[in-house]
Amino acid sequence: MFYIGKYFIINLLRREDMSFELPKLGYDYAALEPYIDAQTVEIHYSKHHAAYTNNLNAAVKGTPWENKTIEEIFAEVSKVPVAVKNNGGGYFNHNFYWEILTPGGAKEPQDGLLQSINRWFGSVDALKETFNKAAATRFGSGWAWLIQEGDKLTVASLPNQDNPLMDNAEVKGIPLMTIDVWEHAYYLKYQNRRPDYIDAFWKLINWDIVAGKYNK
Ligand code: MN3
């Protein structure tokens, strides 16, 4: 009985340690109103994001990737089963998306990040124009990204749940900012008006968090 009990407890701890967890939202579902409506946030987080997280845990179970971090999985994503890639991307990308948003908007980028934006795009407005175009013209489902490659900042859109940390991504680098342009991210409020959602997204960017990723 003792050994059975001990074994059971160890297994519970291992599962808890190794599973990917749905991170808590740092705000209420309604906190991004009026730019992103409460129902969209609730469904996006508690259904879509939760499903990617659960499906990722199921997909890595019993595989060589079960005990790896999501970044380690992305570094060799060309070798992993497609369910690990797609759900791993969905898990990471949504963690990232919720993290870089903040209720009520945020101040403009500052200091080193601002200097770098000015250097590579000319101005924050020019970055916005480039980023919005990438997001608006992504055909079908995907994400637009602000990416740091060494010293350089660049903007790209990637399909599906791909991201720039994946070893086989079309554009690689450190992700600084992202927008989800899958229809589930905006359709309830904006229907076919994806550009209006992208414009509204700029009212919610947490530039302090983006700067923290840049400074790394
Ligand atoms: Mn989504």
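The values are calculated or read from the model by the stated rules, or taken from the named source; none is laboratory data. The shown structure was predicted, so the numbers you read here are calculated from the model rather than taken from an experiment. Cβ sites come from the backbone with ideal geometry, for glycine too, and all protein chains shown count toward neighbours.
Couple of notes before you dig in:
- Matching entry among 71, 66 (being part of a loop (DSSP other than H, G, I, E, B) and either in contact (Cβ under 8 Å) with a residue 24 or more places away in the chain or of a type outside the set (A, V, I, L, M) (or both)): 66
- Restricting the range 44-66 to residues that are closer than 14 Å to residue 82 by Cα and within 16 Å of the ligand (Cβ to nearest atom), the residue that is surrounded by the fewest Cβ atoms within 10 Å (Cβ to Cβ): 55
- Those helices (runs of 4 or more DSSP H) lying entirely in the range 171-216 with at least 3 residues closer than 16 Å to residue 139 by Cβ: 194-201
- Check on residue 146, in contact (Cβ under 8 Å) with a residue 60 or more places away in the chain, in contact with a strand residue (DSSP E or B) (Cβ under 8 Å, 6 or more places away or on another chain) and outside any helix (DSSP H, G or I): yes
- Per the conditions (1) in contact (Cβ under 8 Å) with a residue 60 or more places away in the chain; (2) in a helix (DSSP H, G or I); (3) closer than 23 Å to residue 205 by Cα; (4) of a type in the set (Phe, Trp, Tyr), the sole criterion not satisfied by residue 120 is (1).
- Residue in the range 160-167 that is among the polar types (S, T, N, Q), touching a Gly at 6+ places or on another chain (Cβ under 7 Å), in contact (Cβ under 8 Å) with a residue 60 or more places away in the chain and away from the ligand (no atom under 16 Å from the Cβ) present: no
- Residue within the range 141-158 that is surrounded by 19 or more Cβ atoms within 10 Å (Cβ to Cβ), at pLDDT 95 or above and under 21 Å from residue 22 (Cβ atoms) present: yes
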